Structure formats: structure tokens, C-alpha cells
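Student: Structure incoming, see below.
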Amino acid sequence: MTQIAAMLRGSLALGPLWFALCAQASDVHAGSRALRLAEVADTESVCAGEVPSGWIKVNDAWNPTSCGNPTRVTYNVWTIAQYAEKPIESVMVVCYGPAPSGWVIVGTAWNPTACGHPTTNQKNVMTIKRLS
């Protein structure tokens, strides 16, 4: 794992900078095998829909060239992060919703550039902490 990936592992609050740094870290190898980005950063970009067990939605975006190729702005790509393997006391910033089992909500906020991109002040992101 590169030094950049090690420092940023699990950090989700960096937005576009996060994606740029992860792209640089995507050439990490374990022996002769190239690691997938999710193995380095614990995140994946997926088409909007159901989130797999052990993962949580941390952002969304419109991409007119994938996931149905929508012609108007609709947040058709979700960024999801793995939470099931995080150690106790871990903290994550995720899209607002129910906290996973063993996690508690420690704060909520409005971020108009993330998680649905609301134009009015409303809770759309939350900070969660793992207790067990």
C-alpha cells in the first residue's frame, strides 16, 4: 500500500480530492497482483440502487455516460464505503439514514454538494461512530 493510500484509508470527507488521490494509488500491487481500488481505499462507485451488506452510501453523483446514461441530472452513481471491517471507535461521514448495527450517529449536517445535493438546508450527511 502506498504511503498516500495508507494515510487516507477510510477517509471519506475529501470529496474530489479523494478521488484524485485514489486514482494515483490505484497502481498498488500485492506481490504481482494489482489491487482493486476498493482494496486500497475501501470504497467503490456503483450504479444507484441497493447497497451490499457491510457497505454504506457515502455520496452520489450524476454521470451521463454510465448507469443508464441519463440525459438530465439524476444522481445515478453512488459512492459506497465498506464499514463492516472498521475497528471499534472508527468514525465515518456518510449519507443520512439509519446507522448500521453497532454504529451510532454522532452528528448530522447539510452539505449541498453531496448525498442528493439538496438546495435547501436539511440533514443529508451524518457522522457515525462504531461502538461495537
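Student: Which ones in the stretch 123-132 are surrounded by 14 or more Cβ atoms within 10 Å (Cβ to Cβ), aliphatic (A, V, I, L, M) and touching a Gly at 6+ places or on another chain (Cβ under 8 Å)?
Tutor: Residue satisfying the conditions is 126 alone.
Student: Let me ask another. Residues to consider are 51, 104, 73; find the one that is in a loop (DSSP other than H, G, I, E, B) and more than 16 Å from the chain's Cα centre (by Cα).
Tutor: 73
Student: Could you list, in sequence order, all residues of the stretch 107-132 that are in a strand (DSSP E or B) and of a type in the set (A, V, I, L, M)?
Tutor: 109, 125, 126, 128
Student: Starting from residues that are out of contact with any Lys or Arg (no Cβ under 9 Å at 6 or more places or on another chain) and not aliphatic (A, V, I, L, M), keep the ones in the stretch 72-106 and report whichever is nearest to residue 55 (Cα to Cα).
Tutor: 82
Student: If a residue must be without any contact (Cβ under 8 Å) to a residue 12 or more places away in the chain and on the phi < 0 side of the Ramachandran plot, how many such residues does the stretch 66-111 contain?
Tutor: Adding up the residues that qualify gives 6.
Student: Now for a different question. Pairs under 9 Å by beta carbon, first residue at negative phi in the stretch 114-130, partner of a type in the set (D, E, K, R), six or more apart or different chains?
Tutor: 114/60; 129/89; 130/86; 130/89
Student: Now for a different question. Looking only at the stretch 55-65, count how many residues are touching a Pro at 6+ places or on another chain (Cβ under 9 Å) and in contact (Cβ under 8 Å) with a residue 40 or more places away in the chain.
Tutor: Going through the stretch 55-65 one residue at a time, the tally reaches 1.
Student: Please go through the stretch 36-48 and give me each residue that is more than 20 Å from residue 113 (Cα to Cα) and either assigned to a helix (DSSP H, G or I) or modelled with pLDDT of 95 or more (or both), ordered by number.
Tutor: The answer is 37, 38, 39, 40, 41.
Here's the yes/no breakdown for (1) surrounded by 13 or more Cβ atoms within 10 Å (Cβ to Cβ); (2) within 18 Å of residue 47 (Cβ to Cβ); (3) touching a Cys at 6+ places or on another chain (Cβ under 6 Å); (4) modelled with pLDDT of 95 or more:
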site: 81; (1), (2), (3), (4): yes, yes, no, yes
site: 93; (1), (2), (3), (4): yes, no, no, yes
site: 100; (1), (2), (3), (4): yes, no, no, yes
site: 110; (1), (2), (3), (4): yes, no, no, yes
site: 121; (1), (2), (3), (4): no, no, no, yes
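The values are calculated or read from the model by the stated rules, or taken from the named source; none is laboratory data. Bear in mind that the values here come from a model prediction, so they are computed numbers and not experimental data. Counting neighbours? That spans all protein chains shown, and the Cβs are built from the backbone with ideal geometry, glycine included.
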